[in-house]
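The values are calculated or read from the model by the stated rules, or taken from the named source; none is laboratory data. Note that this is a predicted model, so its numbers are computed, not measured. All Cβ positions, even for glycine, are placed from backbone atoms using ideal geometry, and neighbour counts span all protein chains on display. The accessibility values were calculated without ligands, DNA or RNA, using every heavy atom of the protein model including side chains. Shrake-Rupley method; radii C 1.70, N 1.55, O 1.52, S 1.80 Å.
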Amino acid sequence: MVSKHMVGESWCRNHLADQRLFQLVEKIDIDLTEEARSGGCLLCGGALHRSDYERKPRGGPQWDIRFSLCCAKEGCRRRNTPPSVRFMGRRVYAGLVVVLVSAMTHGLKPERVQRLREVLRIDRRTLERWRQWWLGLFVDSAFWREARARVLPPLCQKTVPLSLCLRFEVQRRSRLVDLLKFLAPITTPTAWKAFVM
């Protein structure tokens with residue numbers, strides 16, 4: 001059984017208000033985009049140019065752009081959206097909100113979950129969908145089957161993402177960033193198709 005203390009309600013709140021964390025995560029996304037751009041188009045090898053699109057995430061930082069690329073070669077023009085540590089696929093909420101709030105709900109009393117929902121304006125049904133997603137599609141995914149081999153000893157899959165947060169020791173900013181990097185491969189549009197309910 002996970003105690004309230006282990007859930008770390010205070011460090012979750014601190015992370016959700018940490019402007020330096022938001023800046024760091026945005027810089028990492030810029031670096032991931034530049035890395036993808038320098039690799040060229042995956043289909044034809046052509047040059048990639050920035051072709052960002054608007055996002056309006058809820059419950060956290062006001063990142064309004066999802067970095068993306070587009071092939072410059074006529075006849076290809078394929079979009080390449082690199083992995084992100086800011087966004088969790090097409091979810092409306094910022095990735096760190098989805099991870100931290102989902103983890104917090106494992107050990108909190110219903111009253112605290114209610115307060116959290118009110119502060120971040122997250123509907124109860126949304127939290128339940130996130131919980132179903134983590135415990136269903138995520139733990140059954142090809143990504144998790146491969147990734148869990150790198151996380152030893154094995155995590156309790158019934159408490160994901162809390163067990164991931166505890167293993168990564170996300171009370172420290174740098175370790176939360178490590179967890180977001182760990183999850184980044186599932187944030188691309190191609191990868192996200194396997195995670196849609």
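Observations on the model:
- Extension gain from Leu137 to Asn14, taking 0.36 nm per residue of separation minus the Cα-Cα distance: 41.4 nm
- q = 0.15, 0.20, 0.23, 0.24 Å⁻¹, the stretch 78-124: log10 I(q)/I(0) [Debye, one scatterer per Cα]: -0.46, -0.69, -0.83, -0.88
- Total charge dipole magnitude, the chain, about the Cα centre, Cβ charges on Lys, Arg, Asp, Glu only, Debye to nearest 20: 420 debye
- One decimal place: the segment Arg172-His49 gains 40.8 nm when fully extended, by the rule 0.36 nm per residue minus the C-alpha distance.
- Label-point separation in nm, Gln23 to Leu152, each point 7 Å along Cα→Cβ: 4.0 nm
- Estimated distance in nm for a label pair at Phe182 and Arg78, the labels positioned 7 Å out from Cα along Cα-to-Cβ: 3.1 nm
- Rg ratio (alpha-carbon, reference 2.2 N^0.38 Å) - the stretch 7-95: 1.26
- Å² of accessible area per residue within the chain, as computed with a 1.4 Å probe and no ligands counted: 55 Å²
- Label-to-label distance, Gln62 versus Ser38, with points set 7 angstrom from Cα along the beta-carbon direction: 3.3 nm.
- Whole-angstrom Cα spans of the stretch 132-197 along principal axes, big to small: 31, 22, 21
- Debye log10 I(q)/I(0) for the chain, one point scatterer per Cα, at q = 0.15 Å⁻¹: -0.93
- Largest-first ordering by accessible area, 1.4 Å probe, given options His15, His106: His106, His15
- The fraction of accessible area contributed by carbon and sulfur in the chain is 51 percent, rounded to a whole number (1.4 Å probe; ligands and nucleic acids excluded).
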